[in-house]
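Below is one structure, written out as structure tokens; comments come after it.
The values are calculated or read from the model by the stated rules, or taken from the named source; none is laboratory data. All values derive from a computational prediction rather than experimental measurement. All Cβ positions, even for glycine, are placed from backbone atoms using ideal geometry, and neighbour counts span all protein chains on display.
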Amino acid sequence: MAVLSPRPLAEFLVGNIPLRQHQLMVLSAACLIPGTETKHDILVDGAAWLELVDVLTFLAADQAQALTTPLGQVLLTRPSGHGPAVVSGRSFHLSHPWELLTANERVLAAKLEYTRAAEYHPSLYVDGRLQVGPGTKILPGVVIEGDVIIGADCKIGPNCYIRGATSVGDGCHVGQAVELKNSLLMTGTNVGHLSYVGDSVLGMKVNLGAGTVTSNLRHDGKNHRSMVGGVLIDTGRRKFGAIIGDNVHTGIHTSIYPGRKLAPGAITRPGIIVEHDILS
């Protein structure tokens, strides 16, 4: 995940909660409480996205050595086991940054309680579920559709449209007439007015200049591919925008082709069209 940030993957936010915390929640639900003695000797891969049904299936197979993905990526291991691996049905390995979108979609869909701990303008329209953290200001004309989490001390609007499964971290600013769709924004990120961010992951302290637009759909409707190690990888996503690393700054009216990646600290000039990854 270095294309997003040098931070450990366990610290990445999904639904505004660190990945490691999601792992602990699933393990706790399966009665595997870290730091306590249990009858299970389980090791967790740091890039594992765990679903409770798979963990329980693995634990029920007493002699299984590992829980793996269909591709053989190890999610859980039991050093004392000596039987065949259990293949996961829904758990997966976070090998590529766009897989954070899948994890975020699942978190928000499964979340039962959405609370609003901040004041918001009475013109706010919500068709779905909205969580708002303390200290956040939602200005007039904001429309929410779908499952959306907005963190603490943010400023949203006026006239923003936020839809799909979208998580906005603490201390973010989403400006006038911005549209966010099915995306993740990490802590301290700013999306300037008149911008569109769709099916994208933005790292910490990103600043998108006014009018920055991510494209997220191929003209032929096929899945997006992304260059990894010199090889085009099928992302499995028909809608996929951009992966934008920590501290990236875009100039006004930057246009980003689908599936492109901007490494931490990258800068674009005004009016630039990002046709290829910017990795240095």
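Can you go through 133, 141, 192 and tell me which one is surrounded by fewer than 23 Cβ atoms within 10 Å (Cβ to Cβ), in contact with a strand residue (DSSP E or B) (Cβ under 9 Å, 6 or more places away or on another chain) and within 20 Å of residue 15 (Cβ to Cβ)? From the options 133, 141, 192, the qualifying one is 133. With the condition kept exactly as written, say whether any residue in segment 254-266 is more than 18 Å from residue 4 (Cα to Cα) and either among the polar types (S, T, N, Q) or modelled with pLDDT of 95 or more (or both). The answer is yes; a qualifying residue exists. State whether the residues of segment 97-115 include one that is modelled with pLDDT of 95 or more, under 30 Å from residue 67 (Cβ atoms) and among the polar types (S, T, N, Q). Yes. Residue 146 meets the conditions (1) closer than 17 Å to residue 207 by Cα; (2) crowded, with 19+ Cβ neighbours inside 10 Å; (3) more than 12 Å from the chain's Cα centre (by Cα) in every case but one. The failed one is (1). It is to be established whether one or more residues within segment 125-132 are hydroxyl-bearing (Ser, Thr, Tyr) and farther than 21 Å from residue 214 by Cα. Yes; the residues of segment 125-132 include at least one that is hydroxyl-bearing (Ser, Thr, Tyr) and farther than 21 Å from residue 214 by Cα.
Quick grid of which residues meet (1) free of Cβ contacts under 8 Å to residues at least 24 places away in the same chain; (2) of a type in the set (S, T, N, Q); (3) over 24 Å from residue 19 (Cα atoms):
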| residue | (1), (2), (3) |
| --- | --- |
| 110 | yes, no, no |
| 136 | yes, yes, no |
| 147 | no, no, no |
| 150 | yes, no, no |
| 162 | yes, no, no |
| 171 | yes, no, no |
| 176 | yes, yes, yes |
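Conditions: (1) in contact with an Asp or Glu (Cβ under 9 Å, 6 or more places away or on another chain); (2) aliphatic (A, V, I, L, M); (3) in contact (Cβ under 8 Å) with a residue 24 or more places away in the chain. Residue 184 meets all but one. Number of the miss? Status for residue 184: all satisfied but (1).
Here is a list: 107, 126, 86. Which entry is buried (at least 16 other Cβ atoms within 10 Å of the Cβ), in contact with a helix residue (DSSP H, G or I) (Cβ under 6 Å, 6 or more places away or on another chain) and not small (Gly, Ala, Ser)?
Numbers: 107 fails: in contact with a helix residue (DSSP H, G or I) (Cβ under 6 Å, 6 or more places away or on another chain); 126 fails: in contact with a helix residue (DSSP H, G or I) (Cβ under 6 Å, 6 or more places away or on another chain).
Testing whether each residue is buried (at least 16 other Cβ atoms within 10 Å of the Cβ), in contact with a helix residue (DSSP H, G or I) (Cβ under 6 Å, 6 or more places away or on another chain) and not small (Gly, Ala, Ser) leaves just 86.
In the set (1) under 18 Å from residue 142 (Cβ atoms); (2) assigned to a loop (DSSP other than H, G, I, E, B); (3) of a type in the set (A, V, I, L, M); (4) under 14 Å from the mean Cα position of the chain (by Cα), the condition left unmet by residue 204 is number (1).
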